[in-house]
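J.: What follows is a structure written as structure tokens; I'll ask about it next.
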């Protein structure tokens with residue numbers, strides 16, 4: 001029985017080491033349910049990172065032929081006690097959506113939390129009918145140009161992201177789908193020892 005327990009513990013430890021998946025409860029700012037959903041869209045602590053003069057719009061990601069592959073919205077959820085602290089969020093939408101909407105037909109999102117012990121916690125959410133639902137989280141090293149999606153780990157998000165890119169590329173009849181999937185993976189952009197941005201590709 002003791003040997004069995006030791007084996008089980010080793011398996012669990014190896015699983016944590018190799019996958020990078022984390023189970024600790026995430027908390028930040030005024031929102032305490034990150035492990036369930038993103039904060040309500042009408043929260044006063046949301047702030048747009050990328051916007052056009054006078055209004056907020058998603059950014060179009062174009063193919064070499066000029067067709068819209070998908071849209072993304074860059075947001076930040078601020079800490080009510082310290083506005084310099086924030087969770088960065090990218091929301092992905094289909095390229096067919098009307099660009100007049102602030103966040104048109106959102107499909108899924110990733111949230112990146114403040115740096116802790118040289119690692120960044122990433123949480124992923126599915127979105128249906130404007131309601132988000134958490135489904136996975138993991139940690140990545142704090143390195144410039146680091147892929148937000150772990151290369152050597154089969155996360156659910158990697159599968160969902162790849163299928164989304166493929167479907168959008170097929171919609172606009174583009175070739176070299178696999179090549180574009182790799183190019184459009186979000187990455188860290190290090191600003192200084194504690195702060196970073198997420199580049200959508």
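The values are calculated or read from the model by the stated rules, or taken from the named source; none is laboratory data. Values in this document were obtained by computation on a predicted structure and should not be read as measured data. Reconstructed Cβ throughout: ideal geometry from the backbone, glycine too, with neighbour counts over all protein chains shown.
J.: Could you tell me which residue of region 42-51 is surrounded by the fewest Cβ atoms within 10 Å (Cβ to Cβ), considering only residues that are at pLDDT 65 or above and in a loop (DSSP other than H, G, I, E, B)? Write out each step before concluding.
T.: So in region 42-51, the residues at pLDDT 65 or above come out as 42-49.
Next cut, in a loop (DSSP other than H, G, I, E, B) only: 42-45, 49.
Details: 42: 6, 43: 14, 44: 8, 45: 18, 49: 15.
In this case the residue turns out to be 42.
J.: Looking at this structure, is residue 54 out of contact with any helix residue (DSSP H, G or I) (no Cβ under 6 Å at 6 or more places or on another chain), at pLDDT 70 or above and over 22 Å from residue 155 (Cα atoms)? Even if it seems obvious, please write down each step before you answer.
T.: On the way: out of contact with any helix residue (DSSP H, G or I) (no Cβ under 6 Å at 6 or more places or on another chain): yes; at pLDDT 70 or above: no; over 22 Å from residue 155 (Cα atoms): yes.
It is false that residue 54 is out of contact with any helix residue (DSSP H, G or I) (no Cβ under 6 Å at 6 or more places or on another chain), at pLDDT 70 or above and over 22 Å from residue 155 (Cα atoms).
J.: Also: Listed residues 139, 143, 131; which is surrounded by 13 or more Cβ atoms within 10 Å (Cβ to Cβ), touching a residue at least 60 places away in the same chain (Cβ under 8 Å), under 25 Å from residue 34 (Cβ atoms) and in contact with a strand residue (DSSP E or B) (Cβ under 8 Å, 6 or more places away or on another chain)? Give the derivation first.
T.: Numbers: 143 fails: touching a residue at least 60 places away in the same chain (Cβ under 8 Å); 131 fails: in contact with a strand residue (DSSP E or B) (Cβ under 8 Å, 6 or more places away or on another chain).
The unique qualifying residue is 139.
J.: Looking at region 58-72, can you tell me whether even one residue there is in a strand (DSSP E or B), within 13 Å of the chain's Cα centre (by Cα) and modelled with pLDDT of 85 or more? It would help to see each step written out before you state the result.
T.: Taking region 58-72 first, the residues in a strand (DSSP E or B) are 59-62, 68-72.
After this cut, where a residue has to be within 13 Å of the chain's Cα centre (by Cα) as well, the list is 72.
Add one more test, that the residue is modelled with pLDDT of 85 or more, and what stays is 72.
Scanning region 58-72, I find at least one residue that is in a strand (DSSP E or B), within 13 Å of the chain's Cα centre (by Cα) and modelled with pLDDT of 85 or more, so the answer is yes.
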